[in-house]
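Structure, as structure tokens:
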């Protein structure tokens, strides 16, 4: 993994607006910077969204964070990699992959880590707005 990127872009169940217990982990180690966007598409996988990159005119809305203590970054990201299904048995296919992305944030671009879906998407509905929290609120969930 590339070093010296201490930001994290969250677009799904780890966002503050999802009100899940796992957010306490995020808020313990990361500081909220604000809302940003990344070129990509979101799909509803049932319990979580899947993000895939796109070259079209489509954006994923999410939250941008920076690590509170840089010396904790490797430890924290290893825990998140495990949560996101990156740590698999030999020969297994990770559910997500973590990559650096350009986040559109406050009229500029910043580099951040993001988790992209790493498997095939077949018949799952696309989240047209690109905003998972707004989508779930609209569903009454």
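The values are calculated or read from the model by the stated rules, or taken from the named source; none is laboratory data. The structure displayed is predicted, hence computed values, not measured ones. Here the Cβ is made from the backbone with ideal geometry for all residues, glycine too, and neighbour counts use every protein chain on show.
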Problem - Test for residue 40: is it within 14 Å of the chain's Cα centre (by Cα), modelled with pLDDT of 95 or more and either surrounded by 13 or more Cβ atoms within 10 Å (Cβ to Cβ) or under 19 Å from residue 134 (Cα atoms) (or both) - result: yes
Problem - Residue in segment 119-126 that is buried (at least 18 other Cβ atoms within 10 Å of the Cβ) and either within 15 Å of the chain's Cα centre (by Cα) or more than 19 Å from residue 5 (Cα to Cα) (or both) present - result: no
Completion exercise
With the first residue restricted to segment 79-100 and required to be at positive phi and surrounded by 16 or more Cβ atoms within 10 Å (Cβ to Cβ), and the second required to be modelled with pLDDT of 90 or more and not in a loop (DSSP other than H, G, I, E, B), Cβ contacts under 7 Å at 6 or more apart or on different chains are 85/96
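Output the residues belonging to segment 15-28 that are touching a residue at least 60 places away in the same chain (Cβ under 8 Å) and assigned to a loop (DSSP other than H, G, I, E, B).
Here is the first cut: in segment 15-28, the ones touching a residue at least 60 places away in the same chain (Cβ under 8 Å) are 15, 17-18, 22.
Residues satisfying the conditions are 15, 22.
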Practice task
Filter segment 43-57 down to residues that are assigned to a loop (DSSP other than H, G, I, E, B) and within 16 Å of residue 99 (Cβ to Cβ) and give me whichever is nearest to the chain's Cα centre (by Cα).
Solution key: 53
Problem - Test: residue 64 is in contact with a strand residue (DSSP E or B) (Cβ under 8 Å, 6 or more places away or on another chain) and either buried (at least 19 other Cβ atoms within 10 Å of the Cβ) or within 14 Å of residue 117 (Cβ to Cβ) (or both) - result: yes
Exercise for the section: Identify all residues within segment 76-121 that are part of a loop (DSSP other than H, G, I, E, B) and either in contact with a strand residue (DSSP E or B) (Cβ under 9 Å, 6 or more places away or on another chain) or under 16 Å from residue 14 (Cα atoms) (or both); write none if there are none. Expected result: 84, 85, 86, 95, 106, 118, 119, 121
Handout entry: Any pair with Cβ under 9 angstrom, 6 or more apart, that starts in segment 119-130 at a residue that is touching a residue at least 24 places away in the same chain (Cβ under 8 Å) and ends at one that is assigned to a loop (DSSP other than H, G, I, E, B) and exposed (fewer than 14 other Cβ atoms within 10 Å of the Cβ)
Key = 119/93; 124/46
